[in-house]
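Written below as structure tokens is the structure these notes are about.
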Amino acid sequence: MPTATSSFAPSHLSDTPPGKPPIPELPTPEPPTPGKLWRPRRVLITPDALALPHGRAMLDRAASFGAEVTRLSANRLSSLNADTPGKSYALAKTTFAIVVAPPGQRKLQPIPPSADWQFHLAQGCPAHCQYCYLAGSLSGPPITRAYANLPEILEALRPYAGRGNVTSRSRTRAHEGTTFEASCYTDPLAIEHLTGALEESIRFFGAWEPPAEPPAEPRPDPDGPQPAPATVQLRFTTKFDAVTRLLALPHHGCTRVRFSLNARSVSRDFEGGTATVPQRLNALRSMALAGYPVGLTIAPIMPVENWQAEYTDLFRAVAVAVSGVDRLDLTAELITHRFTPSSKEVLVGWYPKSTLDLREEARSEKRTKFGGFKYVYPKDSMAEMRSFFESTIRAHLPTTHILYWT
Ligand code: SF4
């Protein structure tokens, strides 16, 4: 087993007072913490959810964190509108709802370029990121809803093993097995202390029966990290750090946790209610030492002032975080900032004082497969950033497998 210690803090990424440049220093140890835990003010549960053991277990957990309990009389959430948009947002973001996932969610959809399939343990997130991608994909008040029919959700994944056109058909990713992404509509670690759903999912994937035949294509890069071929893989990404309960689970290498990281000023200015970047790096190290495949979700990439220096600092800090980890299996996903007209409208409503750059005239339009369009950085800027990120990762984290740039 690895012998490196699991706690560290890259001190040059610690919070820096505005206007003061950070002072690069060697990392210093920091005692482990229980992690960032959200405490909802109220928990709502529907009758169907209350009838299920996992629903009742989540209710008990939420109540133990001090949430006021309301047992609903119908299987729908009543409106949480307050007298102002700001109060409605605050009301929704402090509410945890326990519901049953609709049957339609058991028919899985692909999620390129991340994974073969997406599935959902919950919908919504308690954090307050001013660029939140959920603004473009979820409608209604941003209540965090967790699903009580977890065993049914997990069992519905089984027919999808061996199928998929994203990682399964990729020349360089087929060794990951059939991949299932659990963080499209939520940050599952943000609510794990209330749901226990990640723990169940990690156990489920770790115990999944192996196939009769191994995956067809081994990884072609002999110099890269060489994980054992997987049959199936659970994937999730997070901006939280409460991983202690996950460390000793029988994951058998079938779960890849990616930590969503960003430049210091992006995280400081636009990410509210999350764990700090140094805390996420501590959690990354702990999970890697526990033998999990790990990853970096660098998102959303923004060419802020001094972006090259800030992102270089970030990769130096990641290199420290993974130093000494045996059999490190580290990937990177590189996602530039983008927005749509509708996501901008939602975000401006949620965060009216945000300084996030949402100027359409500074972007290019890109058609989506659904016939709409999104605003992305112009071609030259994208090319410059891509070249920088790929070369900087190669320099500081040479064994990292970059999965995609978008
Ligand atoms: S952590 Fe992710 S899902 Fe949650 S608010 Fe931030 S961007 Fe949105």
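The values are calculated or read from the model by the stated rules, or taken from the named source; none is laboratory data. Just so it is clear, the structure is predicted and the values come from calculations on it, not from any experiment. Here the Cβ is made from the backbone with ideal geometry for all residues, glycine too, and neighbour counts use every protein chain on show. Accessible surface areas use protein heavy atoms only, side chains included; no ligands, DNA or RNA. Shrake-Rupley method; radii C 1.70, N 1.55, O 1.52, S 1.80 Å.
So that you can scan it fast, the table gives a plain yes or no per residue for (1) open to solvent by less than 10 Å² (accessible area, probe 1.4 Å); (2) in a strand (DSSP E or B):
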residue	(1), (2)
His251	no, no
Asp269	no, no
Ala275	yes, no
Gln279	no, no
Tyr311	yes, no
Ala317	yes, no
Val320	no, no
Leu328	no, no
Glu333	yes, yes
Check the stretch 288-297 and report whether any residue there is open to solvent by less than 40 Å² (accessible area, probe 1.4 Å), under 30 Å from Asp357 (Cα atoms) and out of contact with any strand residue (DSSP E or B) (no Cβ under 8 Å at 6 or more places or on another chain). no
Of the residues in the stretch 155-168, those that are within 30 Å of Arg76 (Cβ to Cβ) and open to solvent by less than 10 Å² (accessible area, probe 1.4 Å) number 1
When you look at Glu365, is it without any contact (Cβ under 8 Å) to a residue 24 or more places away in the chain, in a helix (DSSP H, G or I) and charged (D, E, K, R), yes or no? no
Those residues of the stretch 137-154 which are hydroxyl-bearing (Ser, Thr, Tyr) and either farther than 14 Å from Leu347 by Cβ or surrounded by 19 or more Cβ atoms within 10 Å (Cβ to Cβ) (or both) amount to Thr144, Tyr147
Residue pairs qualifying under the 6 Å Cβ cut-off, at least six apart or on distinct chains, with the first in the stretch 150-164 being touching a residue at least 60 places away in the same chain (Cβ under 8 Å) and the second being among the hydroxyl-bearing types (Ser, Thr, Tyr) and outside any loop (DSSP other than H, G, I, E, B), are Ala161/Thr178
Hits in the stretch 376-398 (condition: of a type outside the set (Asp, Glu) and surrounded by fewer than 14 Cβ atoms within 10 Å (Cβ to Cβ)): Pro378, Lys379, Ala383, Ser387, Ser391, Arg394, Ala395, Pro398
Could you go through the stretch 349-360 and let me know if any residue there is in contact (Cβ under 8 Å) with a residue 60 or more places away in the chain and not in a loop (DSSP other than H, G, I, E, B). yes
Cβ pairs under 6 Å, 6+ apart or interchain, first in the stretch 124-136 and within 13 Å of Arg268 (Cβ to Cβ) and open to solvent by 20 Å² or more (accessible area, probe 1.4 Å), second more than 6 Å from the ligand (Cβ to nearest atom) and of a type in the set (A, V, I, L, M), ordered by first then second residue, are Gln130/Leu356
Flag for Thr33 being more than 22 Å from Ala190 (Cα to Cα), of a type outside the set (Asp, Glu) and either part of a helix (DSSP H, G or I) or at pLDDT below 90 (or both): no
Among the residues listed as Ala97, Ala4, Ala62, the single one being hydrophobic (A, V, I, L, M, F, W, C), open to solvent by less than 90 Å² (accessible area, probe 1.4 Å) and at pLDDT below 95: Ala4
Being closer than 13 Å to Val232 by Cα, away from the ligand (no atom under 14 Å from the Cβ) and of a type in the set (Val, Ile, Thr) narrows Thr195, Thr179 down to just Thr179
